[in-house]
Structures are given as structure tokens and as C-alpha cells.
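Nothing in this text is a laboratory measurement; each read-out follows from the coordinates by a stated rule. This one's a predicted model, so the numbers in the text were calculated from it and none came from an experiment. Neighbour counts are summed over all protein chains in view; Cβ atoms, including those assigned to glycine, are modelled from backbone coordinates with ideal geometry.
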């Protein structure tokens, strides 16, 4: 498992999602949906398991154990859904 530090979060990309009302939410342009799998000790508004939207331009792609993840700062999260 990867452990984040400071205000960073690690996210696994997911497909476009629907909310509790079954309204389909599509990401546009370089925006990505993801599930938060790890947070740093100074992250305040995001929890492990949250579904978020973030910009591909603000994230760093990493590969760990043959799986692809994104690392980004909490301030770069566009929305929690």
C-alpha cells in the first residue's frame, strides 16, 4: 500500500459515474473521475473512499505493482461526488 504525506492524495481512476439519483455525470476535457485510496496526514476535506473529479494536468501519474494511480494535492481536487 502507498502512504501519502502532507496534503497529497492518491487516486485510482474510474469511469464516468452516476450519483445517488442515477444522474450520469460526465467528465469533460482533461477531467478525471477517481476513488481516493490514500490521504496525507494534513488533508482536511477528503477521505479515503471518496469519489472525486480532478484535472489530469494537476496530477502526477505513477505505476505501482503494475497498477496506475494519480498523486495530487488536496487543493487540486475539483469536486467530491
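Among 39-51, 3-15, how do they line up from the highest to the lowest mean number of other beta-carbon atoms within 10 Å?
Top to bottom by mean Cβ count within 10 Å: 3-15, 39-51.
Extension gain residue 66-residue 81, at 0.36 nm per residue separation less the Cα-Cα distance, in nm?
Difference between extended and current length: 2.7 nm.
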